[in-house]
Amino acid sequence: MGHRKFHAPKHGSLAFLPRGRTKRIWGRIRNWPEYSGEPTILGFAGYKAGMTHVVIVDNTPHSPYYGQEVIKAATVIEAPPLFVFGIRGYKQTHTGLRLLSEVWASEYPRDADRLLTLPKNYNLEDKLNAFLSLKDDFSKITLMLLTQPRSAGVHKKKPELLEYPVGANSIDDALNFATQYLGQTITVDKVLNEGQYVDVIAVTKGLGFQGPVKRWGVRILQHKSRKTKRGVGSINPWHPNRVMYSVPRAGQMGFFQRTEYNKLIIKIGSVGKEITPAGGFPHYGVVKSNYVLLLGSVPGKPTRLIRLRYPIRPYRYTLEKPPEIKYIHITSSNVVTHNE
């Protein structure tokens, strides 16, 4: 019998090179889907609380388990209301979108002064009239949003500043929607629906500096190898006399921005206690406000900001209704009871 050959190809895609730490702790969204329908913002944001498992009735078309109860992992994202502090109008030019004008609200929530400062003698009515006078030149309307971490279970005060486009059939509809919510809060149930697919943009867990075995999954060399076992056998040929970018090397692992497509929303709730396990989520605590229950896992550690977006590459089919939930596991193994 011949010697068995172990096949261990390199892990990971070269499309993500160079693997360096992201600049910000929340994801950046570079593309937005085409949308036509009732005016709304094309996404939301929340904080990752933790994971659980659910028992649902599979209603996915063409699924081998259609109509049967299945156990699935799920992620709880706490999504407190977002405060709309500004509106921006963009014009399409031959070099791309160009900001024409913007208008800010006259009052801000608590802790917003950490990021924003209004000019003296700011008149909201005059600014809004001047902004609306340019509506014929606008080709895109966006909302400037502030998160409210004080309303969530995260232990922080400083909000994040985000920008989301308004999806509508016309610019007039988008402007009516934007001016309606200027200076107000918008909740997740006004934007997303149960049974809807969303894209998740987040930053993965940071794992620090790691070697090529853990970072790329290369095979460990035999014990007689010269100098090292947890490395590649040769880093480059004689010609070309340089180390090519495709050779697995040690470096930063984790804390990368990643996008996961078409995550199913199975539940949207407003009472966080009904989804919080006894003793709270590990490394997070108690869900205090609105939440979104997503099927599957999402990148990042607990308390990290997760950005949700309308699907940019949606499935060919849509669910007629959200899957029926039979059971949600909220029993925590972290609570230790002492018998008296």
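Values in this text are rule-based calculations from the coordinates and carry no lab data. Quantities reported herein were computed from a predicted structural model and do not represent experimental measurements. Ideal geometry is used to build each Cβ from the backbone, glycine not excepted, and the neighbour counts take in all protein chains shown.
Starting from the Kirkwood Rh over alpha-carbon pairs, what translational D in µm² s⁻¹ does the chain have by Stokes-Einstein at 10 °C and 1.306 mPa s? Walk me through the intermediate numbers first.
Numbers: Rh = 23.3 Å.
Here the translational diffusion coefficient equals 68 µm²/s.
Once the other residues with Cβ under 10 Å from the Cβ of Ile275 are scored (Lys, Arg +1; Asp, Glu -1), what is the net sum? Don't skip to the end; give the middle numbers.
Details: positive: Lys267, Lys273; negative: Glu78, Glu274.
Once all neighbours under 10 Å are counted, the net charge is 0.
Return the subset of Lys190/Lys288; Lys120/Lys156; Lys140/Lys190; Lys205/Lys263 for which the Cα-Cα distance in this structure is over 24 Å, preserving the input order. Mind dumping the intermediate values first?
Values: Lys190/Lys288 19 Å; Lys120/Lys156 29 Å; Lys140/Lys190 21 Å; Lys205/Lys263 19 Å.
Correct reply: Lys120/Lys156.
Which of the peptides 205-216, 185-196 is most tightly packed, and how do the rest follow, going by the mean number of other Cβ atoms within 10 Å of each residue? Don't skip to the end; give the middle numbers.
Details: 205-216: 14.7, 185-196: 17.7.
Highest mean packing first, the order is 185-196, 205-216.
By a straight-distance test (C-alpha under 17 Å), which lysines pair with Lys127 as possible cross-link partners, with residues fewer than eight away in the same chain excluded?
Answer for Lys127, where 17 Å is the Cα cut-off: Lys135, listed by chain and number.
For helix 171-181, report the angle its Cα long axis makes with the longest principal axis of the Cα atoms of the chain; keep it between 0 and 90° and round to the nearest 10°.
Roughly 90 degrees between the two axes.
Could you tell me the calculated FRET efficiency between Glu320 and Tyr261, based on Cβ-Cβ distance and R0 = 30 angstrom, to the nearest 0.05?
On the way: r = 21 Å, r/R0 = 0.70.
E between Glu320 and Tyr261, to the nearest 0.05, is 0.90.
Taking the chain as a Gaussian network, Cα atoms linked when under 10 Å apart, which of Tyr90, Tyr317, Tyr35 shows the biggest mean-square fluctuation?
Highest fluctuation of the listed residues: Tyr317.
Using alpha-carbon pairs under 8 Å, 6+ residues apart, how would you state the relative contact order of the stretch 1-94 in percent? Don't jump to the answer; show the numbers that get you there.
Values: 59 pairs, mean separation 20.2, N = 94.
About 22 percent, as a whole number.
So how much slack lies between Ser297 and Glu69, counting 0.36 nm per residue of separation and subtracting their Cα-Cα distance, in nm? Could you put the intermediate results ahead of the total?
Numbers: separation 228, 0.36 × 228 = 82.08 nm, distance 1.95 nm.
Result for the pair: 80.1 nm of gain on full extension.
Top mean-square fluctuation among His155, His62, His329, Gaussian network model of the chain, C-alpha springs under 10 Å?
With Cα springs under 10 Å in the chain, the top fluctuation among His155, His62, His329 is at His62.
Pulled fully out, how much extra length does the chain show between Arg313 and Asp136, if you take 0.36 nm times their separation in residues and subtract their Cα-Cα distance? Display every interim value, and only then the final one.
Numbers: separation 177, 0.36 × 177 = 63.72 nm, distance 3.04 nm.
Using 0.36 nm per residue and subtracting the Cα-Cα distance, I get 60.7 nm.
Among residues other than Arg304 whose Cβ falls under 9 Å from its Cβ, what is the net charge (Lys/Arg +1, Asp/Glu -1)?
+3
So how do 101-111, 122-132, 140-150 stack up, highest first, on mean other-Cβ count within 10 Å? Let's see the in-between values first.
Values: 101-111: 16.4, 122-132: 13.4, 140-150: 21.3.
Descending packing order for the listed peptides: 140-150, 101-111, 122-132.
Name the most mobile residue of Ser63, Ser270, Ser36, meaning the one with the largest mean-square fluctuation, in a Gaussian network model of the chain with Cα contacts below 10 Å.
Top of the fluctuation ranking is Ser63.
Evaluate the charge dipole of the chain about its Cα centre and quote only its size in Debye, nearest 20, assuming +1 on the Cβ of each Lys and Arg and -1 on the Cβ of each Asp and Glu. Mind dumping the intermediate values first?
Values: 49 positive and 25 negative charges, 622 e Å.
Dipole of the chain, to the nearest 20 debye: 2980 debye.
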